[in-house]
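Here is the structure we will look at.
Quick note: the coordinates plus some simple rules give every number you see, no bench work behind them. Quick caveat, the model's predicted, so the values are computed rather than measured. Backbone-built Cβ (ideal geometry, glycine too); neighbour counts: all protein chains shown.
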Amino acid sequence: MRRALNKSASTSQGESVINSTLMRFLLLPSLVAITCFGIFGLRQTSAAPEPDQSDKPDFNGTWTLDLKTSASLEPIMNKAGASLLERNLASWTDLTATIHQTEQVITVATRGRGFALDETLYPDGRSHPSDLQLLGANCLSARTAWYGNQKQLVVTYQIKTQQGKEGRLIVTRYLINEGKTEVVVFTLKLNTEPDQISVRQIWPKQV
């Protein structure tokens, strides 16, 4: 009788070991799957999604300055040291700006009677040397970036006036009227002066 009980106990222990081993074997793939899901899920979650480029304004096309609805640039040009002739020309010269925009570079070709200006902008936020002359001021460097939930293209020029004063000329572009009108805001801030001057221009798109 004792021998039978020992045999029965041994059999039960063996079955328990087998069942335990079998359960571990069956659970192993599930644990592996859960672990892999956790790792790859974490990797995908932690990776910041890139912004949708389609949400950015499309400046491609040719734009014409509306002199009647645009403010005069004379106050800024006067601070920058532009000559009287340059200030007068800026007040009545018809201008067109042709913009070609890609992800990496934006070119702006502005033309008018006796006037030509070509700008190359890199909207990645990096600063690079610039030798442009804008509104009478000499540019030293330029930095272009998207702001305002990527709705505004802002170029910050480090400048030096004809009088030798240093400061910043900020050019902000954005679209209104369902993308049919470009607004360009020029803001001049000199390091030695507490106030800044801002002027807004209106550029309807040519159809």
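What to note about this one:
- Going by neighbour counts of Cβ atoms within 10 Å, the residues VAL171, VAL183, VAL207 line up, fewest first, as VAL207, VAL183, VAL171.
- Summing charges over all other residues whose Cβ lies under 14 Å from the Cβ of LEU85, with Lys and Arg as +1 and Asp and Glu as -1, gives 0.
- In range of the label at ILE197: residues from the range 78-96 whose backbone nitrogen is under 17 Å from the point 7 Å along Cα→Cβ: 78-92
- Listed from fewest to most Cβ neighbours within 10 Å, the set PHE115, PHE59 follows the order PHE115, PHE59.
- Shape of the range 53-204, Cα gyration tensor, a/c cut at 1.5: oblate
- Taking LEU85, LEU175, LEU135 and counting other C-beta atoms within 10 Å, the order from fewest to most: LEU85, LEU175, LEU135
- Across the options LEU84, LEU140, GLY61, the greatest Cα extent toward the positive end of the charge dipole of the range 53-204 (unit charges at beta carbon of Lys, Arg, Asp, Glu) belongs to LEU84.
- The alpha carbon gyration tensor of the range 152-199 gives principal lengths a ≥ b ≥ c with a/c of 1.5 or higher and a/b greater than b/c, which makes the shape prolate.
- Given LYS68/LYS151; LYS56/LYS205; LYS79/LYS205; LYS56/LYS160; LYS56/LYS189, the pairs whose alpha carbons are separated by over 21 Å: LYS68/LYS151; LYS79/LYS205; LYS56/LYS160; LYS56/LYS189
- Shape class of the range 116-191 from the alpha-carbon gyration tensor: prolate, with a/c at 1.5 or above and a/b greater than b/c.
- Extension gain, LYS180 to GLN133, is 14.1 nm, computed as 0.36 nm per intervening residue step minus the present C-alpha separation.
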